[in-house]
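Below is one structure, written out as structure tokens, with a few remarks after it.
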């Protein structure tokens, strides 16, 4: 079901007010940040003033969000089905909120490589959480134990590798665009998910 222009207009106005209130800002504070008069902002929030694109851009910046997020419709897909990569034992979900970011779920049984030459370094950031078992994260000269429900975040310019300790472990990893590209370049395989 598509939203009408009126429904979208009302949704955007409610979002502006909700974001302002969530920040703990008065009408006066947000109006000052957006270079609007307090009465203009009040009329925008209450639907008594037309929404102009230039004002929406300014309000989005003042509210520390993007225009896309401010006008995103409720009809956009919410549930995302994973792509299965049987060859690497992983599931992958693209993230629409952050284009270029990828979420990967992987089950690992092998320990991390004992050869430092097999560690990777490339631009980007990675974040992972261990869903079950224990993972070993080799990060530069450090050997870190990451247990169930613990997470790790690191710049991928540090040489790194990950593996399981004492049995299988399952991780959920998030790669930014640069980290994902780095993994593709390192192996020449766009489906290689090794950290």
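Read through the list (1) at pLDDT below 65; (2) within 27 Å of residue 166 (Cβ to Cβ); (3) out of contact with any strand residue (DSSP E or B) (no Cβ under 9 Å at 6 or more places or on another chain), then give the number of the only condition that residue 92 fails.
Of the numbered conditions (1) at pLDDT below 65; (2) within 27 Å of residue 166 (Cβ to Cβ); (3) out of contact with any strand residue (DSSP E or B) (no Cβ under 9 Å at 6 or more places or on another chain), the odd one out for residue 92 is (3).
Is it fair to say residue 182 is out of contact with any strand residue (DSSP E or B) (no Cβ under 6 Å at 6 or more places or on another chain), at pLDDT 85 or above and not in a strand (DSSP E or B)?
Criteria not met by residue 182.
Of all the residues that make up the stretch 39-71, how many are in a loop (DSSP other than H, G, I, E, B) and touching a helix residue (DSSP H, G or I) at 6+ places or on another chain (Cβ under 7 Å)? It would help to see each step written out before you state the result.
From the stretch 39-71, those in a loop (DSSP other than H, G, I, E, B) are 47-52, 63-66; that's our starting set.
If we keep only those that are touching a helix residue (DSSP H, G or I) at 6+ places or on another chain (Cβ under 7 Å) too, we end up with 47, 49, 51, 63, 65-66.
Qualifying residue count for the region: 6.
Tell me the residue from 195, 164, 135 that is surrounded by 19 or more Cβ atoms within 10 Å (Cβ to Cβ), modelled with pLDDT under 90 and not assigned by TED's automatic domain parsing to the domain that holds residue 66, please.
On the way: 164 fails: modelled with pLDDT under 90; 135 fails: modelled with pLDDT under 90.
After applying the criteria, what remains is 195.
Please specify each residue of the stretch 145-154 satisfying the condition of being loosely packed, with under 14 Cβ neighbours inside 10 Å and in a strand (DSSP E or B).
145, 147, 151, 153
Can you find, within the stretch 45-83, the residue that is modelled with the lowest pLDDT among those that are surrounded by 11 or more Cβ atoms within 10 Å (Cβ to Cβ) and within 18 Å of residue 104 (Cα to Cα)?
Checking each candidate, the answer is 80.
The values are calculated or read from the model by the stated rules, or taken from the named source; none is laboratory data. Note that the coordinates shown come from a computational prediction; the quantities given were computed from them, not determined experimentally. We place every Cβ from the backbone using ideal geometry, glycine too, and count neighbours over all the protein chains shown.
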